[in-house]
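J.: Sending over a structure as structure tokens; questions will come in a sec.
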Amino acid sequence: METKALNRRHFIGAVSAASAGLALGVSPVFGGVTDTKDKLAILGGNPVRKNKQWPAWPYMDEKVVEAVSQTIRSRLWCRIDNPVNGTVAAFEKKWAAMVGAKACVATGSGTQSLNTCVEALGIGPGDEVITSPYTDMGTIASILVSRALPVLVDIDRESFQLDPAIVARRITPNTKAIMPIHLMGQPCDMDSILAIARQHNLYVIEDVCQAHLGQFRGRRLGTIGNVGCFSFQSSKAIACGEGGAIVGNDEALMEKCYTVHNHGTSRSGKSETIGSKYRMNELEGAILLVQLVHAEEQWKRRNENAAYLTSRLKACPGVVPQKLYDGTESGSFYLYTMGYRKEHFNGVDRKIFLKALAAEGVAVSPYISAGLHRAPWVDHILGLKEYKAMYSPARLKQYREELDCPVCDKICSEEMLMLWAAGPLLGTKSDMDDIVNAIMKVYENRDQLSKIEN
């Protein structure tokens, strides 16, 4: 496992010369690209980045095409057609080895992986799983499909991850697991989450769908809890269109996962339990095997570019890169995220900042528009007869009252800045300079932001 070059020091970085220059009142110029005192592009100035493309994603070359072609010509498209020597079986072995796990079960999506683990751990009606409202619906769906109750707790403002202090307060006699999400590809506060899980005898199901190859205290993400679940959807840092995987070191539990994902049928061919058909197909396996050839090289480059951005952005107090917890050695950087602090931009709302930045040629997004604690599924499940039968009226009333997540609301509505990173963070230092120069140009000319139409 390659850790030498990507320790915490590389993430945090030293205060750059540009930071010192700003403190002295000198307008910084990053990479010799743009003078930040130029007129904002949205108001008629020259953009920082013009007619430049980011590295294309998902990754594709002729080897990917040939791997798929060979699989198609074989006519062995389902994993059960070639259970020992097929592409899915080969991928499972290689992925387990890359993350340092004893076993891997490949599935059709990250959501399928998560639900397979929920079922394999015996979590179902009447049980509760604690997770974050700041996520893709697939996380929540993986719990709902098993008719368990997703208990959503608020997040930390600086890391955007589950707040362990609130997790501890939401545990009930029915809590069976915590499902931490390594959001944006960076590790959660796993020290605190594991301590809570041990104290209350809870399972930890790591949602690693955005965090391929990230490391925390010498271990790859996904191998720290009881099981870890990945996604290989086309936007992810390792991609095959759709696809997922479960990794773990408890071989008996991993065999249960195999049985559940194989419509309840074990490797011996006996139909033993409840399960859907969540198998990965051989075409996806073929694509992933080629993706893995470049995966660690790409992971290293994203980490290096992310560290560079973080060190440079210290010069801008209005943009705060995602906090990384003690113990973080590397991330995946599926996304590179920052918190917007409008008090440093003369109180101008984020949407104006985003317009100005986009005009400079750097498109950044607010990411999730609203936390899932505010989505219609809540009213839907609380009205279902199954949930009314499984949980007391008092518990359901308490559940609704505790869906207050003010930090998540603030991040969604005011603060999140997200640069999709799977492709862009594979760029050059010049590309990274463009990002920093664009942000710094808007910051240095923040007095002009009030002229932009809302």
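The values are calculated or read from the model by the stated rules, or taken from the named source; none is laboratory data. Please read all numbers here as calculations on a predicted model, not as lab measurements. Using ideal geometry, Cβ is built from the backbone for each residue, glycine included, and neighbour counts are taken over all protein chains shown. The protein model used for the area step is the full one, side chains on, heavy atoms only, and it has no ligands, DNA or RNA in it. Shrake-Rupley method; radii C 1.70, N 1.55, O 1.52, S 1.80 Å.
J.: Which residue, of G126, G110, G122, is touching a strand residue (DSSP E or B) at 6+ places or on another chain (Cβ under 6 Å) and among the small types (G, A, S)?
T.: G110
J.: Output the number of residues of region 145-156 satisfying the condition of being assigned to a loop (DSSP other than H, G, I, E, B), in contact with a strand residue (DSSP E or B) (Cβ under 7 Å, 6 or more places away or on another chain) and under 22 Å from Q186 (Cα atoms).
T.: 1
J.: Are any residues in region 243-295 assigned to a loop (DSSP other than H, G, I, E, B), open to solvent by 10 Å² or more (accessible area, probe 1.4 Å), of a type outside the set (V, I, T) and in contact with a helix residue (DSSP H, G or I) (Cβ under 7 Å, 6 or more places away or on another chain), and if so, which ones?
T.: At the first step, the residues of region 243-295 found to be assigned to a loop (DSSP other than H, G, I, E, B) are 243, 249-250, 263-264, 266-270, 272-276, 278, 280.
Now restrict to residues that are open to solvent by 10 Å² or more (accessible area, probe 1.4 Å): 249-250, 263, 266-270, 272-276, 278.
Next, only the ones that are of a type outside the set (V, I, T) stay: 249-250, 263, 266-270, 272, 275-276, 278.
S266, R267, E272, G275, Y278 - these are the residues of region 243-295 that are assigned to a loop (DSSP other than H, G, I, E, B), open to solvent by 10 Å² or more (accessible area, probe 1.4 Å), of a type outside the set (V, I, T) and in contact with a helix residue (DSSP H, G or I) (Cβ under 7 Å, 6 or more places away or on another chain).
J.: In region 309-321, is there at least one residue being in a loop (DSSP other than H, G, I, E, B) and in contact (Cβ under 8 Å) with a residue 40 or more places away in the chain?
T.: Residues of region 309-321 that are in a loop (DSSP other than H, G, I, E, B), as a first pass: 316-318.
After this cut, where a residue has to be in contact (Cβ under 8 Å) with a residue 40 or more places away in the chain as well, the list is 316, 318.
Taking every residue of region 309-321 in turn, at least one turns out to be in a loop (DSSP other than H, G, I, E, B) and in contact (Cβ under 8 Å) with a residue 40 or more places away in the chain.
J.: In region 34-69, how many are part of a helix (DSSP H, G or I), under 30 Å from A422 (Cβ atoms) and in contact with a helix residue (DSSP H, G or I) (Cβ under 7 Å, 6 or more places away or on another chain)? Lay out the reasoning, then the answer.
T.: So in region 34-69, the residues part of a helix (DSSP H, G or I) come out as 41-43, 62-69.
Right, trim to under 30 Å from A422 (Cβ atoms) and you get 41-42, 62-69.
This time we only want the ones that are in contact with a helix residue (DSSP H, G or I) (Cβ under 7 Å, 6 or more places away or on another chain), so: 41-42, 63-64, 67-68.
So the answer is 6.
J.: Do we have any residue at all in region 98-118 that's part of a helix (DSSP H, G or I) and over 30 Å from N174 (Cα atoms)? Reasoning before the result, please.
T.: To start, the set of residues in region 98-118 that are part of a helix (DSSP H, G or I) comprises 98-99, 110-118.
Cutting the leftovers down to over 30 Å from N174 (Cα atoms) gives us 98-99.
Yes, there is a match, as at least one residue in region 98-118 is part of a helix (DSSP H, G or I) and over 30 Å from N174 (Cα atoms).
J.: Please determine, by comparing only the residues of region 144-170 that are over 20 Å from A211 (Cα atoms) and β-branched (V, I, T), which one is most open to solvent (accessible area, probe 1.4 Å).
T.: Let us first name the residues in region 144-170 that are over 20 Å from A211 (Cα atoms), namely 144-154, 165-170.
Still in the list and also β-branched (V, I, T): 145, 151, 153, 166-167.
Numbers: V145: 84, V151: 5, V153: 1, I166: 25, V167: 1 Å².
The extreme case among them is V145.
J.: Select from region 41-57 the residues that are open to solvent by less than 60 Å² (accessible area, probe 1.4 Å) and more than 11 Å from A438 (Cα to Cα) and list them in ascending order. Please lay out each step first, then the result.
T.: Keep residues of region 41-57 that are open to solvent by less than 60 Å² (accessible area, probe 1.4 Å), which gives 41, 43, 45, 47-49, 55, 57.
Within region 41-57, L43, G45, P55, W57 meet the criteria.
J.: Do the conditions hold for G383, that is, is it buried (at least 19 other Cβ atoms within 10 Å of the Cβ) and at pLDDT 95 or above?
T.: Against the criterion (buried (at least 19 other Cβ atoms within 10 Å of the Cβ) and at pLDDT 95 or above), G383 does not qualify.
J.: Filtering region 405-446 down to residues that are more than 30 Å from I238 (Cβ to Cβ) and either modelled with pLDDT under 95 or within 23 Å of the chain's Cα centre (by Cα) (or both), which residue is least open to solvent (accessible area, probe 1.4 Å)?
T.: By that ranking, first place goes to C405.
J.: Still on this model: Would you say G100 is open to solvent by 40 Å² or more (accessible area, probe 1.4 Å) and closer than 17 Å to D207 by Cα?
T.: Details: open to solvent by 40 Å² or more (accessible area, probe 1.4 Å): yes; closer than 17 Å to D207 by Cα: yes.
Answer is yes for this residue.
J.: Any residue in region 248-272 that is touching a residue at least 12 places away in the same chain (Cβ under 8 Å) and farther than 16 Å from L114 by Cα sitting within a Cβ distance under 8 Å of a residue that is among the charged types (D, E, K, R) and part of a helix (DSSP H, G or I)? List the pairs, counting only those 6 or more apart or interchain.
T.: R267/E255
J.: Can you say whether I274 is touching a Gly at 6+ places or on another chain (Cβ under 6 Å) and farther than 13 Å from E92 by Cβ, as far as the supplied structure shows? Lay out the reasoning, then the answer.
T.: On the way: touching a Gly at 6+ places or on another chain (Cβ under 6 Å): yes; farther than 13 Å from E92 by Cβ: yes.
Criteria met by I274.
J.: Another question, then. Restricted to region 185-218, and to residues that are surrounded by 24 or more Cβ atoms within 10 Å (Cβ to Cβ) and at positive phi, which residue is farthest from the chain's Cα centre (by Cα)?
T.: L213
J.: Right, something else. Can you name the residue in region 276-317 that is of a type in the set (G, A, S) and within 19 Å of the chain's Cα centre (by Cα) and is also farthest from V362 (Cα to Cα) among such residues? Show your work before the answer.
T.: Start the filter on region 276-317 by keeping residues that are of a type in the set (G, A, S), which leaves 276, 285-286, 295, 306-307, 311, 315.
Now narrow it down to the ones that are within 19 Å of the chain's Cα centre (by Cα): 295, 306-307.
Details: A295: 25, A306: 16, A307: 18 Å.
Step by step, filter region 276-317, then rank; the result is A295.
J.: Can you tell me which condition F232 does not meet? The list is (1) surrounded by fewer than 18 Cβ atoms within 10 Å (Cβ to Cβ); (2) within 19 Å of the chain's Cα centre (by Cα); (3) not charged (D, E, K, R), and all the others hold.
T.: With (1) surrounded by fewer than 18 Cβ atoms within 10 Å (Cβ to Cβ); (2) within 19 Å of the chain's Cα centre (by Cα); (3) not charged (D, E, K, R) applied to F232, the lone miss is (1).
J.: For region 125-143, name all the residues that are over 21 Å from the mean Cα position of the chain (by Cα) and open to solvent by less than 10 Å² (accessible area, probe 1.4 Å). Can you show your working first?
T.: Filtering region 125-143 down to residues over 21 Å from the mean Cα position of the chain (by Cα) leaves 125-128.
Within region 125-143, just E128 meets the criteria.
J.: Here's a follow-up. So if I check each of R400, R350, R374, which one is among the basic types (K, R) and open to solvent by less than 30 Å² (accessible area, probe 1.4 Å)? If you could, list the steps in order and put the result at the bottom.
T.: Numbers: R400 fails: open to solvent by less than 30 Å² (accessible area, probe 1.4 Å); R374 fails: open to solvent by less than 30 Å² (accessible area, probe 1.4 Å).
When all the criteria are applied, what remains is R350.
J.: Tell me the residue from E284, E304, E296 that is in contact with a strand residue (DSSP E or B) (Cβ under 8 Å, 6 or more places away or on another chain), of a type outside the set (V, I, T) and in contact (Cβ under 8 Å) with a residue 40 or more places away in the chain, please.
T.: E284
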